Amino acid sequence: MNYLNFDKTVLTNLEKSLTKEMLRTNRSGAYNSTTLVDCNTRKYHGQLVIPIPSIDNNNHILLSSLDETIIQHSAEFNLGVHQYEGNHFSPNGHKYIREFTCELISKTIYRVGGVIISKERLMVSNEARTITKYTLLQAHSATTIRFKPFLAFRGVHELSKANNQASTHFQTATKGASFQLYPQYPTLYLQFSKQPHYVHNPHWYNHIMYAKELERGCPYTEDLLVPGYFEMPIKKGESIYVSAGISEVSPAKLKKIWDDELSLRQARVDMYHCLRNAAIQFTAKRGDGLYLLAGYPWFGVRARDQFIAMPGCTLSIGEKDLFLDLAQSALAEIEAFMDGAECKSISELDSPDALLWFIWALQQYANQDKKGILPDEMAKMVVQIVEFIADQHHPHVYMQAGGLLYVDGTVVPMTWMNATENGLPITPRTGYVVELNALWYNALCFAQSIAKTAAQRSRLAQLTTDVEQSFVATFWNGLYLYDYVNGQYRDVEVRPNMILAVSLPFSPLNRQQQKSVLDVCTRELLTTKGLRSLSPKSGSYRPNYVGGMLERNRNYHNGPVWPWFTGAYAEAYLKIHKQGGVSFVERLLIGMEAEMKKLCVGTLSELHDGNPPFKGHGAMSYAPSVGEILRTLQLLNDMQ
C-alpha cells in the first residue's frame, strides 16, 4: 500500500474527506489545489492558478474545476462535487470514488457500475499548465466521457459574480477550445489528446459555496461560468490527456510531456520524501531570480519566512546548488535595500530580524560545507549587514549602549508576531526583543569569525563582548528569559522566542541557563506539533485559531502551536542532552508524521490549535514548517 493512501470509507464521508486537501505546483509559483474528492472548499482552490504580473502580485484562478461525466446507455454519472448554500452538494461524485493515492502524483479511482476509471494529474515544471490523465480501466459496453469546465478568471483573494462583462465566446484550438473572459487576462486553452466534440452552451452556476471562507468569516459564495462541454468516446485501456494552459500545445505531444514530467517525480514513501517534495514546490522564479514562497495558497515571497526555510528546504535535502541560487538572488535584493532602493521580489526585507535570519541561513551553509567556508561574496555580505545595523543605517533597528538592538513596535509590528487590529499590533513588542538580540549576538560572533581585516575583527570582538554581557543582564530572570524589555517593563510571558538563545550556533547564555530555558519551554510550551506561542498558564492564552478574522488575529500568536519552532527546539535539546536526546526528538516527530495524512496531504500547515487535538490551520503548506522539520530530521541523522 502507498504511504499516502485513502480508501472509500474516508473519501465517501464528506465530513472527513473535505478536510483533506492536495497541492501541486509548477515550481514557479503556479499551482493546482483542491480537496481529495475535487470539491473546492476555499476560494483559493483551483485546477489552474497562476501568477499574472501584468495585473498584480497575486495569483489568479483561471480554471476553477473540471467536472467529468461518464455516460453509458444514455445514463449519465457525474463525478464532480460542488457545495452550494444550505450545505447542499450537487452532483455527488464522491460516492463513486474508491481510492485516492499520492505516491508519485495524485491518482483517483472511480467506479460507476461496471466502469472503473482512473484520474491522475500533474503540473508541468516551470510552465503554467496542468495535465490530467484519464484511463478507462474497465467497461463492459460503449462509454463516453464528458468534461465541463468551470471558469473563474479572478484573483485568489476575490470572488467571481455573474456579470455581463465576461466574454462567453470561444475560439477553436487544436483538439480543444480557448476562452478569455476578460481582456486583461491571458487566454485559457483546454486541449485533449483525442478530438472532442464541443457543445457551446454558456451559463453561470450561481452560489457555489466555500466552507473554509465561511469558517473564516469571509464572503464565501461565488458564481462560475460554464461555457459548454467537451465529449468523446473512450475505450477500455485507453488514456485521454487533458491540458489546461495559457499557451497552445500540440496534443500529440501531451503523452511525452506527461512521461517526461513523471520521470522527474520522486515517490513519497515516508515523511522525509513527502517533505522533500513539498520543499521543492516552494521555489518560484521572479524575473531572473529564484526565491522561496512563504507558503500556499496565499503567501508570496517574504524575507523572514524564506531565510528561516532556506536551510531545511535546500541543504537538508541535498540541494546545495539550490541554496546558492536562492542566496544569490537574495544578495541582490539585500544590496538594493541597504542602498536605499526598493526591493523588487522579496517583501518585508526591512523587518528588524530579516537580515539576521539571512546571516543564520548562510551560517548553516558554512557549517555543512566540508571546508566550512562561505563564498567570498556571501562572507563579505555577512560583515556588511552587521556593520549596516551597528552604524545605525537600518530604518527600524536602533543599537543602544551595551550593543543591544531596540525596536519600536507600538504602531507597526516589528517581529514575527505581527497580527494587527484596527491597524495596530495586537502584541506590540517594543524595546529589547529577546529573539532579535539572540540573532544579533549570533550574527556578531559569526561575522567576527569570518571578518577579513584586523580592524573589523577588533570592533566586532568588542561589540560581541558588550552584547553578551548586556543580553544576560537584560533578559535573564533567574529561570528563563523575558520576552522583551522596555525601560522598567519586563514581559514575563513564556513564549517560544527565547529558545533561539539556546539553539543558535552562538549563545550568550551559559550551559546552566540554556538548560533552564529549555526546561521551561518543555514544561509549558511543548506539544506533539511543536511549541505553543504562549504558555497555557498565561491569562492571555487563546489556544484555538477559530472564528472570524478579528478573533483569529487576536489568537494568532497567543496560544496556537507553530511547527517551525520545532527545529530550534530540537537543536537546543540535542545541544544540551546530546546523544541522550535523540530518542526524545524522534518521538517528537511522530506527531509531525501524523500530519502527512491530514489537511494538505504530504506537507505541513502553518499552525495548530494549542490544545488537543491540535487541529491544523492557516496556510495549507508553509515553508518554515516544512524546512525546519526537514532540518530536524537532518540533525537526528547527524547525531546518529
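The values are calculated or read from the model by the stated rules, or taken from the named source; none is laboratory data. This structure is a prediction, so every number in the text was calculated from the model and none was measured. Every residue, glycine as well, gets a Cβ built from its backbone with ideal geometry; the counts of neighbours run over all protein chains shown. For accessibility, only protein heavy atoms count, side chains too; no ligands or nucleic acids. Shrake-Rupley method; radii C 1.70, N 1.55, O 1.52, S 1.80 Å.
Residues considered: Thr25, Thr69, Thr19, Thr35. Of these, the only one that is over 26 Å from Ala278 (Cβ atoms) and hydroxyl-bearing (Ser, Thr, Tyr) is Thr69. Given the structure, is Thr415 within 27 Å of the chain's Cα centre (by Cα), of a type in the set (Val, Ile, Thr) and under 27 Å from Gln363 (Cα atoms)? Yes; evaluated as a whole, the condition is true for this residue. Examine the range 579-600 for a residue that is farther than 19 Å from Arg495 by Cβ, open to solvent by less than 10 Å² (accessible area, probe 1.4 Å), in contact with a Cys (Cβ under 6 Å, 6 or more places away or on another chain) and at pLDDT 95 or above, and state whether such a residue exists. Taking every residue of the range 579-600 in turn, at least one turns out to be farther than 19 Å from Arg495 by Cβ, open to solvent by less than 10 Å² (accessible area, probe 1.4 Å), in contact with a Cys (Cβ under 6 Å, 6 or more places away or on another chain) and at pLDDT 95 or above.
Applying a threshold of 7 Å to beta carbon distances and a minimum spacing of six or more residues, or different chains, the list of pairs starting in the range 523-541 at a residue that is open to solvent by less than 10 Å² (accessible area, probe 1.4 Å) and ending at one that is of a type in the set (Lys, Arg) and modelled with pLDDT of 95 or more reads Leu525/Arg532; Ser533/Arg495; Leu534/Arg495. Is one or more of the residues making up the range 611-623 surrounded by 24 or more Cβ atoms within 10 Å (Cβ to Cβ) and more than 30 Å from Asn422 (Cα to Cα)? No, that holds for no residue.
Elements of the type strands (runs of 3 or more DSSP E) sitting completely within the range 109-173 and holding at least 1 residues that are polar (S, T, N, Q) and surrounded by 20 or more Cβ atoms within 10 Å (Cβ to Cβ): these cover 129-138, 143-155. Scanning the range 31-57 for residues that are of a type outside the set (D, E, K, R), within 20 Å of Tyr210 (Cβ to Cβ) and touching a residue at least 60 places away in the same chain (Cβ under 8 Å) yields a total of 14. Is it true that Pro425 is surrounded by fewer than 24 Cβ atoms within 10 Å (Cβ to Cβ), under 26 Å from the mean Cα position of the chain (by Cα) and under 17 Å from Tyr489 (Cβ atoms)? It is true that Pro425 is surrounded by fewer than 24 Cβ atoms within 10 Å (Cβ to Cβ), under 26 Å from the mean Cα position of the chain (by Cα) and under 17 Å from Tyr489 (Cβ atoms). For the range 42-81, the strands (runs of 3 or more DSSP E) that sit wholly inside it and include 1 or more residues that are open to solvent by 20 Å² or more (accessible area, probe 1.4 Å) and of a type in the set (A, V, I, L, M) are 59-72, 75-78. Assessment of the range 319-329 against the conditions (assigned to a helix (DSSP H, G or I), surrounded by fewer than 22 Cβ atoms within 10 Å (Cβ to Cβ) and aliphatic (A, V, I, L, M)) yields at least one matching residue. Count of the range 555-573 residues, restricted to those that are closer than 18 Å to Trp360 by Cβ and open to solvent by 10 Å² or more (accessible area, probe 1.4 Å), is 2. Restricting the search to the range 174-193, which residues are open to solvent by 10 Å² or more (accessible area, probe 1.4 Å), part of a loop (DSSP other than H, G, I, E, B) and out of contact with any Asp or Glu (no Cβ under 8 Å at 6 or more places or on another chain)? Lys175, Gln180, Tyr182, Pro183, Gln184, Tyr185, Pro186, Thr187, Ser193 - these are the residues of the range 174-193 that are open to solvent by 10 Å² or more (accessible area, probe 1.4 Å), part of a loop (DSSP other than H, G, I, E, B) and out of contact with any Asp or Glu (no Cβ under 8 Å at 6 or more places or on another chain). Open to solvent by 50 Å² or more (accessible area, probe 1.4 Å), in a strand (DSSP E or B) and farther than 22 Å from Ala252 by Cβ - does that describe any residue in the range 214-225? No, the conditions are met nowhere in the range 214-225. The combined condition, being more than 25 Å from Arg216 (Cα to Cα), surrounded by 17 or more Cβ atoms within 10 Å (Cβ to Cβ) and touching a Phe, Trp or Tyr at 6+ places or on another chain (Cβ under 6 Å), is fulfilled by Pro508. Suppose we filter Tyr398, Tyr365 for residues that are among the hydroxyl-bearing types (Ser, Thr, Tyr), open to solvent by 10 Å² or more (accessible area, probe 1.4 Å), without any contact (Cβ under 8 Å) to a residue 60 or more places away in the chain and closer than 20 Å to Leu290 by Cα; which single one remains? Among Tyr398, Tyr365, only Tyr365 is among the hydroxyl-bearing types (Ser, Thr, Tyr), open to solvent by 10 Å² or more (accessible area, probe 1.4 Å), without any contact (Cβ under 8 Å) to a residue 60 or more places away in the chain and closer than 20 Å to Leu290 by Cα. Criterion first (among the aliphatic types (A, V, I, L, M) and closer than 27 Å to Tyr291 by Cβ) does Leu633 satisfy it? Against the criterion (among the aliphatic types (A, V, I, L, M) and closer than 27 Å to Tyr291 by Cβ), Leu633 qualifies. Restricting the search to the range 253-285, which residues are open to solvent by less than 50 Å² (accessible area, probe 1.4 Å), under 18 Å from Cys313 (Cβ atoms) and part of a loop (DSSP other than H, G, I, E, B)? Answer for the range 253-285, where residues must be open to solvent by less than 50 Å² (accessible area, probe 1.4 Å), under 18 Å from Cys313 (Cβ atoms) and part of a loop (DSSP other than H, G, I, E, B): Arg265, Arg268, Gln281, Phe282. Within the range 305-316, track down each residue that is buried (at least 24 other Cβ atoms within 10 Å of the Cβ) and either at pLDDT below 95 or not acidic (Asp, Glu) (or both). Of everything in the range 305-316, those that are buried (at least 24 other Cβ atoms within 10 Å of the Cβ) and either at pLDDT below 95 or not acidic (Asp, Glu) (or both) turn out to be Gln306, Phe307, Ile308, Ala309, Met310, Pro311, Gly312, Cys313, Thr314, Ser316.
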